[in-house]
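Read the figures in this text as sums done on the coordinates, not as results from a lab. As the structure is a prediction and not an experimental result, all values here were calculated from the model. Don't worry about glycine lacking a Cβ; one is built from the backbone with ideal geometry, like all the others, and counts go over all protein chains shown.
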C-alpha cells in the first residue's frame, strides 16, 4: 500500500471518529437542554422548544450521515439512536402544539428519548473502539 493511500485512510478514520464524537456531544447537549426545559416545570417556553426542535433535527441529520461509515455493530446502535431522535422530534413538535400537562408530558417523553439516543450513540462509540482494537491486535 502506498504512503498516499495510507495517509488518506488515516485522515478518513480521523474524520469519521471526529464526526461520531461530535454527534455524541451534540446528542448529550440536546438531552441537557431538554432536561433543563423539563426542570423549569411549566416555564419552558415555545421559544425553548423551537430551539430544541432545530437542534434535534440537526443532530438527527448529522447522525444519519455518520451511520454509513461505521462498523456493523456500531451501525445498529446508531440506527436505534436515529429512531430515538426521531421520536424526540415528534414529542417536541407535539409540545409546541400543546400547553399545561400535555406540554409537560411531551417534554418528559422527549427527554427520555433524547437520553436513550445519547446512550445508543455512546454504545456505538464503544462498539467502534472495540472493533478497532480487535483489528489493531490482528
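In Å and whole numbers, how far do the C-alpha atoms of the range 46-138 stretch along each principal axis, longest first?
Per principal axis, max minus min of the Cα coordinates gives 58, 20, 16 Å.
Percent of Cα-Cα pairs per 10 Å bin, from 0 to the last occupied bin, for the range 24-70, please list those.
Spelled out per bin, shortest first, that is 26, 46, 21, 7, 0.
Using every pair of alpha-carbon atoms in the range 96-138, split the distances into 5 Å bins beginning at 0 and state the percent of pairs per bin, rounded to integers.
Here the calculated profile for the range 96-138 is 5, 21, 13, 13, 10, 9, 9, 6, 6, 4, 3, 1.
Would you mind ranking 49, 34, 96, 103 so that the residue whose beta carbon has the fewest other beta carbons within 10 Å leads the list?
If I rank by nearby Cβ atoms, fewest first, I get 96, 103, 49, 34.
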